[in-house]
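Some notes on the structure that comes next.
Throughout, read-outs are computed from the coordinates displayed, never taken from laboratory work. None of the values given here were measured: they were computed from a predicted structure. Methodologically, a virtual Cβ is constructed for each residue, glycine included, from the backbone with ideal geometry; neighbour enumeration extends over all protein chains shown.
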Amino acid sequence: MFFEGSEKKIKVVVGENTPCLRSLGRSFWEKIVIQSEASILSVVQNEVCDAYLLSESSLFVWKNRFVMLTCGNTILVDALLYFLDQFDNIDLQSVCYQRKNEYQPELQKSSFVEDVERLNARLPGKSFRLGTLDSHHQYLYHLDRPYRLQPEDETFELLMYHIDESVAAAFSQPNQTSKEIRKMLDVDRLFRGFEFDDFVFEPCGYSFNAIKGDRYATLHITPEAAHSYVSFETNLDSEQAMRMLSHFREQLKPSSWDVVALGILPEVPMPSQTLQLSESSLSLSCGFDVRFSHYQAQERKVMQATPLHSEPQTTELHGA
């Protein structure tokens, strides 16, 4: 069984001439999510944000913006284009589309280049690759229009690969409960005071959303030993975000990881016995900076050979 944990992400900000996005209701966002070939599992809300857990990652909706992440072989660009189609004269302030390189890109229904061609047919945009082509990298497309970045726009992502085998095995136990996973990750303490929502997937996999005011955090774990992948993302301030990035890296012990920062570019604390293999920084014409950094733990890892099937493997959609 193979599941593609690497995610695609869209972030859209609209102006005052567009209706409040939260007022559009769950039925509207269900249609958006369906376009990407995912579904809504549950939702938590506070006074300013609706946080939807999806069968493949997450969706966060505020009055004038939304962030949507999907994994597996979803087609996130379809959701974005469908969203644009729902308005006669949408007041777009900012659009950003990110796509992590996949473990098995041949199983995806489109490439980043194909996605950009469809977006450029509708919007004036620019696209980039951050990181090295023969290693982990991130693709980014943005609306080529000036935008004044708001504090809640600044985000930090920690993308982890090949987490410790014993940790991965712990996340793959049958009949595991969300309470057991929260205790393992110590997230109840970490997110005290947040509205919290999580889900354990079958046969394995785990996701959570957490919101407090206009701040959010989300974690997605794909624990299969041969291709384990974990993503954590938040728009908490840089000090809190760096603490959480360190917490999850120490808990999950990945062999390598990326940090992606949009907006503010803080110094990322590196544990001992770590190599920073690459870094790409860019000031975008739309008005904010982005940095992609790739790290690797200095350890010798013995990997078992993986038998290949004569027929292409299929992606089994089970979330996270």
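Side notes on the structure shown:
- Which of 91, 289 has the fewest Cβ neighbours within 10 Å, and the rest in rising order: 91, 289
- Cα-based reach from residue 100 at 26 Å (exclusive), listing lysines while leaving out same-chain residues under 8 positions away: 8, 9, 11, 31, 109, 126, 253, 301
- Taking other Cβ atoms within 10 Å as a rough exposure proxy, 76, 265 sort from fewest to most as 265, 76.
- Summed over qualifying helices (DSSP H, 4 residues or more, each -39500 (n - 2.57)) and divided by its residue number, the chain shows a 222 nm mean residue ellipticity of -5500 deg cm²/dmol.
- The stretch 4-26 and the stretch 46-98 have Cα centres spaced 3 Å apart.
- The stretch 94-202: trypsin sites (Lys or Arg not before Pro) in DSSP coil with no more than 15 other Cβ atoms inside 10 Å: 109, 122, 148, 192
- Per-residue Cβ neighbour rank within 10 angstrom, fewest leading, 264, 10: 264, 10
- Residue 305-residue 120 FRET efficiency (beta carbon distance; Förster radius 41 Å; 0.05 resolution): 0.45
- Taking Cα atoms only, the orientation of helix 76-85 departs from the longest principal axis of the chain by about 10 degrees.
- Segment residue 128-residue 289, length gained on full extension (0.36 nm per residue, minus Cα span): 56.7 nm
- Here the label points at residue 277 and residue 177, each 7 Å from Cα along the C-beta direction, are separated by 4.0 nm in the simple model.
- Helix axis angle, 238-252 relative to the chain longest principal axis, alpha carbon, degrees: 30 degrees
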